[in-house]
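Structure first, commentary second.
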Amino acid sequence: MASATDSPVIVPDEIEFVHGSSLWTDAWHRLRKNKLALFGLGCVLTITFLCLIGPLVTGYTYEQTDLTLKASPPLDKIIKRTETLKNDEKKVTFYSLTNIEDEFVEKPRDERKRIAAGLARGEEYSEGAFVYQSSNQKHLFGTDALGRDLLTRVLVGGRISLSVGFVATLISVAIGVVWGTTAGFAGGVVDNVMMRIVDVLYALPFTVIVILLMVFCGRNFILLFVAIGAVEWLTMARIVRGQIISLKHQEFVEAAVSLGLSRARIMFRHLIPNVTTVIVIYATLTVPNVMLLEAVLSFLGLGVPPPMSSWGVLISEGASTMETSPWLLWIPAAFFSLTLFSLNFLGDGLSDACNPKSAKD
Amino acid sequence: MIKLIVSRLLQLIPVVWIVLTVTFFLSKSIPGGPFSAERQVTPEVKQKLDEYYGLDKSLLEQYVHYIARVAHFDLGPSYTYQTSSVNEVIARAFPVSLQIGTLAFIIALAIGVTAGVVAAIYKNQIWDYLPMSLAMAGICVPTFVMGPILAVYFGLTLKIAPVSGWYGLDYAPLHPMILPAVTLGLFYAAYIARLTRGGMLDVLNQDFIRTARAKGVPDRDIIFKHAMRGGLLPVVSFLGPEFAGLISGSFVVEKVFNVPGLGQEFIKSVFNRDYPLILGTVAFFAVLIVVFNLLADLLQSAMDPRTRK
Amino acid sequence: MNARPFFPAVTAALLVFSLLKLNAATPPALEEANRRKILLICEGTEPRTLDPHISQGVPEHHIIMGLMEGLMEHDPNDQSKRLPGLADRWEHNEDYSVWKFHLRDNAKWSNGDLVTAQDFVFSYKRILTATLGAPYIDALYILKGARDYAAGKITDFNEVGVKALDDRDLQFELIGPTPYFLSAILHTSWFPVHPATILKFGRMDERDTKWTRPGNYVGTGPFILKIWKENDVIELVRNPLYWDAANVKLNGINFYSIENYDTQERAFQAGQLHKTQELSLDKIPYYRREHPELIRIDPYEGAYFYRINVKRKPFDNPKVRLALNLAIDRESIVKNITRGKQKPATGYVPPGMGDYEPLDVIHYDPDQARRLLAEAGYPNGNGFPKFNILINTSQSHRTVAEAIQQMWKQELNIDVGIENQEWKVYLDSQNSLNYDVSRSGWIGDFMDPVTFLSVWRTGDGNNNTGWSNPEYDKLLDQAAQTADPQKRFSILHQAEQLWLSEPSGVLLYWYTLVYNLDPSVKNWNPLALDDHNYKFIDLEENGIPKLSLAH
């Protein structure tokens, strides 16, 4: 019988203490390694930064109109027209090269095209009291129908969309997860009542409620966040409840119950982390939903007040002029999509990182 | 099981009743009535109109009167359609939305589930990124953008689909329900794809899958026999209310393609303050939701190996 | 790993295939329609009713005019003229207050019954019965005793100024000289309805009966109602019993209700429509430049203006109201935003009213505007309270409002916001004077300036500004008692001048109708009320095929 003291015990010179790692630290470590997720995070932060700071440096404001400019494509040449008035004062107006033919619509087609071609080459054109020449004005993303700079409008619109998107999503996730978990875990009558309340709320006409809120609270768009958040949590609650129901029969829950853990603790520390994948995924789906819902409300006349704008509004306005001024649709849509893609990668990364069982095989 | 179904169906009554009550008082509290117009009616006429439609009585009286009528399944006259009752309006608009919604649902499921399963299997490789990027693109292109694009391409360039209308379009090869259904279907497919992938990933990481693999069960069986049932759970929960929403009409798509569905009826009724029609469509929608949530829950407990006793 | 589920893909393909109708290679709707002489028109919103006495909106109006005809009918070339309709001759007394009409001997209802004068009396009794709830009941108040009958003050309809002298002769007694009577009775509220049909489906004053459904509808017009698919299409077909059926060129008219302008335009491009209702702003320059043969811009008898709530400070000061008017560059709005050749408004009543010349009073004069504002106590806009422009949901209203917002800021240095309200809430706000400045419009009901000027009477239901001037009311009363058309117009001019000197509105422009029209439609002339006499419309069978707008 070998004695326990037979094998020499090697005691290292230094004892390295390994700190126990919590769920969240582990998650952060895993996230850091996910290149795609970091890229997503980077994009979102960049876009947010641009939206906050950008409008201050573009040189235009979001509401400044230039009616004669009308809708001009990105980086279109701008023509300056100087009119000499009767008292020798000069009046300057701007036109975009693409639309310059509208000024000469009374002339025959060939002549119109000739004048436009000349102006495109940088030549001057005079007619009576008017002198047309090139100008240095530039709009990176072009202008909308009222001659407002699109870049500035997209960035300012981003502020609204991002804040509505995040705040409403946070509200809806918070309420939805708690509601769904409680209902799923409790089961029985409590579950029934809670889910029937969800059914009732789902069936209520959202448009009527929004109109009502608008009438009583004015055009304050904080309540837009509230209204949208209050609607989006319903499906989240259902999905979470479904997951919880299937989880609650598992052994780890039985174990927790037999340990005498309180119900709240079981819900928050044991159940919810196991549904994070689905929560995060649906949250990343909720953000675009919220932004689009805001656009649909504006489509109905119930969204942000003009001349303020949001990506949703810009997209829906751009959609209706899609054939004549496509950039008004595709540029806001590109910002919208890029943000969502980034959130998507981030979300995937987060759910992988948070999921204790996310294997690397 | 039967008890569950019966009890849930009985719950329809309080749900619908509460929905109607809340909607009734909500819609009556927003300003504007059914007869306000750019050109005003004379006060005497307005008085007579209010009397005729019972709008001059107190709110409570109107409410009681209305609920009594609903109990007999009579949803009242529509203020917008002078010669139709609300029952008739729903009866003619619902089939249109039903056709479009069902087809959209099938398209969304077919494309979404396939894409999600494939993406989950090939996680973090090209066959994951490709479908998921397309899915994200689908979500980013809202129906009021996709609709006109499809309309222009299939309707004007290829000339095989009608761009507007529902009745009497025998000359066009494609049925008027197709483009609206595809527009909606693509959009929902994106959601379903993402949810399916998430659900499948969750399931594929579980121990019992690892066990099955170790036992040599072929991949195909793992996916279809074992994983999908659990993987599709989040999709099923999502689908209950979404299907109800799909078949009761998406008003954006209906407006873009000008199809006479229930979605447009509802939105227009709100804007016209056609109270009986608002209440009628809301009640109808509430019934659909309860029924389809029930079906979704039943499906879920049938599919989930963990909840079966 | 090849668990590629082919099944969903195959099923989907099969599904799609089965939904493909197997009749490809069919001609587009337009060619077929031209061959069969069926006109395809888009009418915007779905009509609420096709009962001429209960109808209110423009789509209802247009469709009813295919189904019904009145004593007079519209001239196809000049909106201020008319042709004999059901009446083939008429006369009036010296001061235009008593009129007699003789009904054509072959005027028939679409079920074969002869049209009688008693039918007309029944119809006027019906519309004047308040319980019917006719929105245009007050159009008939020019009849003696009509107002009292509607109010219940007299109960015997025989005391109202319309009588059937015999089966074919109708006599009207009016409350005063009405030289424009022939224009007034062109409106659908004066149309007859078939008594037997009305009574078959309910009481005379019962709304919402089924008499207007296809198969039940009996009318006097060139067409009968064949199909009514709500929110989709209303199909009219030729009425063989119409008294002038030989001269009707079309075999049918289909009215499509499409609300969205872009969908309308797509339908037009796809060859599903001959005519759209309206064209969205952004497409107007494109069509004017590239396809001028497919776009029509017709003058329209309407004024686009902003109402001003004169009961709120500082708008109670007429100088402020004038300043707001003079600071607007209407040319710029019309040229750059609306771009539909609208005329900048120089007065209130639009041109086209025959001999009534539009006034030339309002112009763009920012210096004068600033001076007036200073005189009113707000030099350089200092101290001017911030206020809101109220608009209802619409891209074009919003764009115009944003432009005006900027103009007032730039020229007068005053702060203006825009409040966008949903349609009914907006109407309610306007009616209850719960606004500062509100976007408005007014379309004439018939071709006479009084249809515009009556709005500003004290307490008129459509005033909605709180504006009141007893002088103005007196002038209108005076005009109502003047038989000589020249003198009458000059009195009305005075009234308009008076209003323009202290306007309760910011005048912007006079409407035009901008829409797409296929060149195969003949005789669709520009008419200022958009009231077309369908009898004269024709379709060219081998019309020039529309240029394919390449996508």
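Extension gain for A:PHE252-A:THR46 works out to 70.0 nm (0.36 nm per residue, less the C-alpha to C-alpha distance). Overall, region A:76-134 carries a charge dipole of about 120 debye about its Cα centre when +1 sits on the Cβ of Lys and Arg and -1 on the Cβ of Asp and Glu, all other atoms neutral. With r defined as the distance between the Cβ atoms of C:ARG371 and A:LEU97 and R0 fixed at 35 Å, what FRET efficiency is calculated, to the nearest 0.05? Computed FRET efficiency for C:ARG371 and A:LEU97: 0.35.
Taking only C-alpha pairs under 8 Å that are 6+ residues apart, what is the relative contact order of region B:94-308 in percent?
28 percent
Distances between placed amide hydrogens fall under 5 Å for C:LEU236 paired with C:LYS226, C:ILE253, C:ASN254, C:PHE255, all partners being 5 or more residues away or on another chain.
Distance between the 7 Å Cα→Cβ label points at C:SER468 and C:ASN158: 4.0 nm. Amide H to amide H distances under 5 Å link C:PHE223 with C:ASN239, where only residues 5 or more positions off or on other chains count and H is placed in the peptide plane.
Calculate the tail of P(r) for region C:308-458: the fraction of all Cα-Cα distances greater than 19 Å, expressed in %. Within region C:308-458, distances greater than 19 Å cover 59 percent of Cα pairs.
Partners of C:LYS535 within straight-line reach, counting lysines whose Cα lies under 19 Å from its Cα and excluding those fewer than 8 residues away in the same chain: C:LYS37, C:LYS81, C:LYS108, C:LYS226, C:LYS249, C:LYS275, C:LYS522. Put A:LYS107, A:LYS86 in order of accessible area, highest first, and with a 1.4 Å probe you get A:LYS86, A:LYS107. Entry note, chain C: the mean residue ellipticity at 222 nm calculated from DSSP H runs of n ≥ 4, each adding -39500 (n - 2.57), is -8000 deg cm²/dmol after division by the residues and rounding to the nearest 500.
Determine the distance separating the Cα centre of region B:278-296 from the Cα centre of region C:469-524; give it in Å without decimals. Taking the Cα centre of each part, region B:278-296 and region C:469-524 sit 52 Å apart. Take the Cα of A:GLU127, go 7 Å toward its beta carbon, and none of the backbone nitrogen atoms of region C:269-295 fall under 11 Å from that spot. Taken over the alpha carbons of region B:94-308 as equal point scatterers, the Debye sum produces base-10 log I(q)/I(0) values at 0.07, 0.13, 0.14 Å⁻¹ of -0.27, -0.81, -0.90.
Could you tell me which helices of chain B pass both thresholds, a Cα extent of 24 Å or more along their own axis and a mean Kyte-Doolittle hydropathy of at least -0.5, with helices taken as whole DSSP H runs? Span-like helices, by this rule, are B:12-29, B:86-121, B:178-204, B:275-303. Neighbouring Cβ atoms from other chains, within 10 Å of the Cβ of residues in C:393-405, number 4 on average. Heads up, I need the accessible area for A:LEU350: 1.4 angstrom probe, whole protein in place, Å², nearest 10. In the full protein context, A:LEU350 sits at about 70 Å². Of the residues A:THR98, A:THR93, C:THR220, ranked by 1.4 Å probe accessible area with the largest first, the sequence reads A:THR98, A:THR93, C:THR220. Tell me the total accessible area that B and A bury against each other, 1.4 angstrom probe, in square angstrom rounded to 100. That pair hides around 5400 Å² of surface in total. Considering chain B as a Gaussian network with a 10 Å cut-off on Cα pairs, which listed residue, B:GLN40, B:GLN264, B:GLN62, attains the greatest mean-square fluctuation? Greatest mean-square fluctuation among the candidates belongs to B:GLN40.
Within straight-line reach of B:LYS48, meaning a Cα separation under 27 Å, sit the following lysines at least 8 residues removed in sequence or on another chain: B:LYS28, B:LYS57, B:LYS268, C:LYS125, C:LYS144, C:LYS153, C:LYS163, C:LYS200, C:LYS210, C:LYS424. Estimated from the Cβ-Cβ distance and a Förster radius of 45 angstrom, the FRET efficiency linking A:VAL226 and C:ASN380 is about 0.65.
Checking every one of the chymotrypsin sites (Phe, Trp or Tyr not before Pro) in region B:19-75 against DSSP loop status and a limit of 14 other Cβ atoms within 10 Å picks out B:PHE73. Couplings 3J(HN,Hα) for region C:449-461, derived from phi with the Karplus relation 6.51 cos²θ - 1.76 cosθ + 1.60 (θ = phi - 60°), are x, 5, 5, 8, 6, 5, 4, 8, 4, 4, x, 5, x Hz, where x marks Gly and Pro. In the context of the full set of protein chains, region A:76-134 has a per residue accessible area of 58 Å² (1.4 Å probe). Membrane-span-like helices of chain A, defined as complete DSSP H segments with a Cα extent of 27 Å or more along the helix axis and a mean Kyte hydropathy of at least -1.0, are identified as A:35-57, A:150-186, A:222-247, A:276-299, A:327-354.
3J(HN,Hα) couplings calculated from phi for region C:231-244 with the Karplus curve 6.51 cos²θ - 1.76 cosθ + 1.60 (θ = phi - 60°) are, in sequence order, 6, 9, 8, 10, 10, 10, 10, 3, 9, x, 8, 4, 4, 10 Hz; Gly and Pro show x.
Can you give the FRET efficiency to the nearest 0.05 for C:GLU278 and C:ASN77, using r as the Cβ-Cβ distance and R₀ = 35 Å? The pair C:GLU278/C:ASN77 has a calculated efficiency of 0.90.
Region B:136-195 and region B:111-133 have Cα centres separated by 24 Å.
Under the combined filter of DSSP loop state and at most 16 neighbouring Cβ atoms within 10 Å, region C:172-225 retains these trypsin sites (Lys or Arg not before Pro): C:ARG203.
Cut-off 11 Å, label point 7 angstrom out along Cα-to-Cβ of A:SER134: give me the residues of region A:104-121 whose amide nitrogen falls inside. Under 11 Å, as judged by backbone N against the label point of A:SER134, lie A:119-121 of region A:104-121. With contacts taken as Cα pairs under 8 Å and at least 6 residues apart, chain A reaches a relative contact order of 23 percent. Charged side chains reduced to their Cβ positions (Lys and Arg at +1, Asp and Glu at -1) give chain C a dipole of some 1280 debye around its Cα centre. For region A:248-303, applying the loop criterion from DSSP together with a ceiling of 16 other beta carbons within 10 Å to the GluC sites (Glu not before Pro) yields no site.
In this view, the solvent-accessible surface of B:CYS140, computed with a 1.4 Å probe and all protein chains in place, comes to about 0 Å². Comparing B:LEU262, B:LEU49, B:LEU279 in a Gaussian network model of chain B, where Cα atoms under 10 Å apart are tied by springs, the biggest mean-square fluctuation is seen for B:LEU49. Computed with a 1.4 Å probe over protein heavy atoms only, the accessible area of A:MET194 comes to about 30 Å². For a straight C-alpha distance cut-off of 17 angstrom, the lysines reachable from B:LYS225 (same-chain residues fewer than eight places away being disregarded) are B:LYS215. Were the residues from A:PHE166 through A:LEU36 laid out at 0.36 nm apart, the gain over their Cα-Cα distance would be 44.7 nm. Centroid-to-centroid, using Cα positions, region B:57-71 and region C:288-332 are 45 Å apart. A Gaussian network model of chain A, with springs between Cα atoms under 10 Å, assigns the largest mean-square fluctuation among A:ILE279, A:ILE197, A:ILE175 to A:ILE197. Over chain C, Cα pairs under 8 Å with separation of 6+ residues give a relative contact order of 19 percent.
The values are calculated or read from the model by the stated rules, or taken from the named source; none is laboratory data. None of these values were measured; they are calculated from a predicted model. With ideal geometry, Cβ positions are generated from the backbone for all residues, glycine too; neighbour counts draw on all protein chains shown. The accessibility values were calculated without ligands, DNA or RNA, using every heavy atom of the protein model including side chains. Shrake-Rupley method; radii C 1.70, N 1.55, O 1.52, S 1.80 Å.
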